[in-house]
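Below is one structure; the comments refer to it alone.
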Amino acid sequence: MDYFEIIGGKKLSGVIDVKGSKNATTPILAATILTKKECILDNLPLIEDVFRMIEILESMGAKIKWISKRKISIRNEKINPEKMDLEKIKELRSSILLLGSLSARFDNFKLYHPGGCVIGKRPLGTHFEAMRNLGIDIKHNNKFYNINAKKRKAGKVVLRELSVTATENAMMLATGMQGKTTIKIAACEPHVSDLGNFLVSLGAKIKGIGTHTLEITGSKNLHGARHKIIPDANEAATFLIMAVATGSPIIINNVCEDHLDLVLEKLREFGADFKISKNSIEVIPAKKLVAVSKIDTRTYPGVPSDVQAPFGVLATQAQGETLIFDTIFEGRFNYIGELQKMGAKAEILDPHRVLIKGPAKLKGKTITSFDLRAGATLIIAALLASGKTSIDNIYQVDRGYEKIEERLEKLGADIKRIKK
């Protein structure tokens, strides 16, 4: 497997563009199953998770054509879930998003246990309870789920928690049925809203997009749609934190400020400032990084759990102590051990909390990326460190960041992809 080799200690400068949202693209790809008509999707990020979802759809019989580098035409007129590529399902956590769209269109099918990052338990009970409230019968064993959707019906769903993917599955199922469905305690992240806007383009009537209560009037006769994927807020946040941590005056293009409100506020607390334009943010580095006493991740509009780890490496460079409290996942501190190898002063207090003391002079080491966001975090750490850092298991980074090494090289980073 490839690895990154990074020589750290360099200031970065220049412009970097944010690609389309990974977390919007995968559910929208799944949602194209709801219609037999052509859908055209633009601004797709060219990343492994998106490629895997496309391959899963193609394995079922979807006809997909690349119109241009980031635009596809997709037609799901003749698909068969029995032909689903099982190995691809095992690789992709987002494959659980097929549950809602396939339940709207097929009476019976099997869905194999999804794969993805190991960042905690991530139980699927909220998904299944939402589906059962809409008439879907789900039985499972150690390998797969048997879904019987013959008695699907519109109704009321009260989600057990603010689950993004459970909300999205319920939205897709509601869109593909006649009648009005109400979803309460719905997640309202920007990528959930982007899915909602796509479903409206298909012909659904949805009230409450961007709120915790959705009213969806669906249809069995949805039409095709054209849709442009929103920018990736998590990628934008990663680049913002990278610029602040390395003291680099980077301009980040193709961003939506409204999706980054609390991230920007936390970075201001660390001492950074910004020049914000319509579609770009220029980072004004801090003269001195000052620790933020506490960063706790929450569902939107809170600080996303996906940027908890980048904030962790930033905290190693700030004067004072920062408590990182991941309220959502209990397995997202794998990166701390790798930072400790590099010289970070950090103590894991329990599965949800870590205390980081700074500033620390990081030194290059051979380290491992355990999940997608940890991988991006370790790249930032390597850019900060003196000497050479090697990062293994970079497939995890490729799952969510498109050709990251080429983009960082243009900013002046000394980073190379090495093939074993």
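Any read-out appearing in this document is the output of simple, stated calculations on the displayed coordinates, not a laboratory observation. Quick caveat: nothing in here was measured; it's all calculated off a predicted structure. As a convention, Cβ positions derive from the backbone with ideal geometry for all residues, glycine included, and neighbour counts pool all protein chains shown.
Does region 113-202 come out rounded, prolate or oblate by the C-alpha gyration tensor, with a ≥ b ≥ c the root eigenvalues, rounded set by a/c under 1.5 and, if not, prolate when a/b is larger than b/c and oblate if not? Oblate shape, in that a/c is at least 1.5 and b/c is the bigger or equal ratio.
Computed about the Cα centre, the dipole magnitude for region 22-228 is approximately 480 debye when only Lys and Arg (+1) and Asp and Glu (-1) carry charge, each at its Cβ. This ranking places 82, 321 by how few other beta-carbon atoms lie within 10 Å of each, fewest first, which gives 82, 321.
Dipole magnitude for region 1-92: computed about the Cα centre from +1 point charges on Lys and Arg Cβ and -1 point charges on Asp and Glu Cβ, it is near 400 debye.
Each eigenvalue of the Cα gyration tensor of the chain, multiplied by 5 and square-rooted, gives one semi-axis; in descending order these are 38, 21, 20 Å.
Among 1-14, 38-51, sorting by the average number of other beta carbon atoms lying within 10 angstrom of each residue, highest first, gives 38-51, 1-14.
Centre-to-centre separation between the Cα atoms of region 271-296 and those of region 187-242: 28 Å.
From least to most packed, judged by other beta carbons within 10 angstrom and beginning with the fewest, 212, 191, 352, 227 follow the order 212, 352, 227, 191. Across region 263-311 the C-alpha pair distances fall into 5 Å bins from zero in the proportions 5, 18, 26, 23, 20, 7, 0 percent. Kindly provide the Kirkwood hydrodynamic radius of region 59-165 in Å, to one decimal, from all pairs of distinct alpha carbon atoms. Value: 15.2 Å, from the Cα pair sum.
Given the options 149, 212, 61, identify the residue whose Cα lies farthest towards the positive end of the charge dipole of region 22-228 (+1 on Cβ of Lys, Arg; -1 on Cβ of Asp, Glu). In region 22-228, that residue is 149. In terms of its C-alpha gyration tensor, region 22-228 comes out rounded, because the ratio a/c of the largest to the smallest axis stays below 1.5. Sorting 335-341, 375-381 by average packing, meaning the other beta carbons within 10 Å per residue, from highest down gives 375-381, 335-341. Each principal axis of region 30-88 carries a Cα extent, and these read 30, 26, 16 Å when sorted largest first. Using the average count of surrounding beta-carbon atoms within 10 Å as a protection proxy, the listed peptides 53-62, 26-35, 239-248 rank, highest first, as 26-35, 239-248, 53-62. Placing unit charges on each Cβ (+1 for Lys and Arg, -1 for Asp and Glu) gives region 22-228 a dipole about its Cα centre, and among 221, 50, 198 the Cα reaching farthest toward its positive end belongs to 221. The charge dipole of the chain, taken about the Cα centre with unit charges on the Cβ atoms of Lys, Arg (+1) and Asp, Glu (-1), comes to about 840 debye, rounded to the nearest 20. Here the Kirkwood formula puts the hydrodynamic radius of region 288-388 at 13.2 Å, using every distinct Cα pair. Once the Cα atoms are used to define both axes, helix 22-31 deviates from the longest principal axis of the chain by about 10 degrees. Cross-linked pairs 65/90; 345/416; 36/88; 278/388; 266/416; 341/420: Cα-Cα separations exceed 29 Å for 278/388; 266/416. The alpha-carbon atoms of region 1-55 define a convex hull whose volume equals 108 cubic angstrom per residue.
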